Each structure stands twice: as C-alpha cells, then as structure tokens.
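The values are calculated or read from the model by the stated rules, or taken from the named source; none is laboratory data. The structure displayed is predicted, hence computed values, not measured ones. Virtual Cβ from ideal backbone geometry, glycine too; neighbours counted across all protein chains shown.
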Amino acid sequence: MAQAPTHVAVWDGLSSIYDRQLRLERRALEAALDLARPGVDDVLLDAGTGTGAVLRALAARGDRPRTAVGVDASKAMLAHVPRLPDGWWVRHAELEALPLEDATFDVALAAYLLHVLCPSTRAAALGELRRVLRPGGRLVTVTPVLPRRALSRPMWLALAGLARLAPRRLCGLRPLDPRPELLDAGFRLVRARTVRSGYYSLCVSARVPASP
Ligand SMILES: C[S@@+](CC[C@H](N)C(=O)[O-])C[C@H]1O[C@@H](n2cnc3c(N)ncnc32)[C@H](O)[C@@H]1O
C-alpha cells in the first residue's frame, strides 16, 4: 500500500488527540469568522479544515452560509469532523492542487494552516486559494504569532526554537505573520487582529482584487 506523504502522516497520527486543544483555538476562530463575515448566500471554503473546528464554530451561528466545503489532506483528521448541516461537506485533497473550479468561492478560511506548510507549499496553496476565490472574494487566515510583551514570550520563543529543530513534528508551534506572502500571492490586505486569549494568534483578512 502506498504510504501517505510525511506531512499527512503527522496529522494522521495527531488526529485522535487533536480535539483536546480546540478550546485554545476558540477565541481566534470566532475573531476570524467575525472578520470573514460569511453571509447566507456566500459559498465558503475552509482550507485545512482538519477535524472541522471552523465549520463547527460556523455551524453554531444563525446566519451561516448554505454552502460550505472543508478540504484537508488527512483522511484521519477528516474522520473526526462531526455531522455537518445540509449543504456542507468535506473533501480529501491537497491544498496546493485543489480539485475545485476557478472563482467558485466567496469566502475562504485558513485557520492554523499556513504556518504548518513549508514556504513553497504555502505559496502554491495561497495561489490555489486565490484561484478558487471569486474577484472580490475574502480570505481570512489565522496563524500563531509571538507575543510582543507578554510574560509568556520567553516560553513561546523557546517553543519556536524547538519547532525549528523538529520542523515536521512541531510545525504547529512555528509563529508566522503571513501578510508579505498574501501580498506576493496577489491578495489585498484588509484588516488584522491579534487575539491574546488561548493561542496568541494573528487573524488577517485579505481580498482578491475585484478587477484584474
Ligand atoms: C493545525 S491543523 C488545523 C486544522 C483546523 N483548521 C483547525 O483550526 O483546527 C492543520 C491541518 O492542515 C492539514 N494540512 C497540512 N498540509 C496540508 C496540505 N498540503 N493540503 C491539505 N491539508 C493540509 C493537516 O492535515 C491538518 O488537518
């Protein structure tokens, strides 16, 4: 049987315990959804949906979109996605080669995703997200960042150092400000918000230019 690529095997291995840390994501995911403002008629993509944390938070909202798709490369992570509302589904796929039509989504979320990808995969994934978003479409990213002044900064610096030593296994601890790469991929930056509760995180909203 063909083996899963290493980056997928890491997430397969974490899938059974992944949900234990979801409460640390909660505040940042709510902030990201507030920035994304998905409406009922918007078609939404959750890139790197994992066990469906973004979709779960969105499902709890009254004015959620009628159509939403979660994409992830790990079948084991997807197996933990709970039952979703009608019109929502998940798809097993690599973000750097999305099996989705051009300009089909109004809103995309990439929560705790970009920092786990290596730079070349990240560039390819951002290119794909831009391709599948409609002109004027919104992308909101969530990534861990180092606290500037908090007492916990030395601990996060130490964890970021560990992540450099074991980049695949500990990639989740790597801080990333994705704004330069979003600009490189052709997005326009709209807003950024730092969340200090749970994981210290940066939420960035960006837009595909409405006209070329
Ligand atoms: C840290 S988890 C985030 C999951 C979810 N968005 C959340 O906020 O809980 C990262 C996810 O990205 C997925 N992933 C990593 N590389 C990928 C790739 N190249 N294509 C698709 N999914 C990928 C992993 O399988 C994993 O489920």
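Tabulated results
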| item | result |
| --- | --- |
| Single condition VAL40 does not satisfy, out of (1) in contact with a strand residue (DSSP E or B) (Cβ under 9 Å, 6 or more places away or on another chain); (2) closer than 20 Å to ARG134 by Cβ; (3) away from the ligand (no atom under 14 Å from the Cβ); (4) not charged (D, E, K, R) | (1) |
| Scope the stretch 18-76; condition part of a helix (DSSP H, G or I), in contact (Cβ under 8 Å) with a residue 60 or more places away in the chain, of a type outside the set (A, V, I, L, M, F, W, C) and closer than 22 Å to ARG191 by Cβ; matching residues | ARG26, ARG27 |
| Criterion: among the hydroxyl-bearing types (Ser, Thr, Tyr) and closer than 21 Å to ALA32 by Cα - qualifying residue of THR104, THR121 | THR104 |
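Here's the yes/no breakdown for (1) among the β-branched types (Val, Ile, Thr); (2) in contact with a helix residue (DSSP H, G or I) (Cβ under 6 Å, 6 or more places away or on another chain); (3) within 13 Å of the ligand (Cβ to nearest atom):
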site: LEU35; (1), (2), (3): no, no, no
site: GLY48; (1), (2), (3): no, no, yes
site: GLY52; (1), (2), (3): no, no, yes
site: ARG56; (1), (2), (3): no, no, yes
site: ALA59; (1), (2), (3): no, no, no
site: VAL71; (1), (2), (3): yes, no, yes
site: SER74; (1), (2), (3): no, yes, yes
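Conditions tested, residue by residue: (1) of a type in the set (A, V, I, L, M, F, W, C); (2) at pLDDT 95 or above; (3) touching a Ser or Thr at 6+ places or on another chain (Cβ under 9 Å).
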{"position": "ARG27", "(1), (2), (3)": "no, yes, yes"}
{"position": "PRO65", "(1), (2), (3)": "no, yes, no"}
{"position": "VAL90", "(1), (2), (3)": "yes, yes, yes"}
{"position": "SER120", "(1), (2), (3)": "no, no, no"}
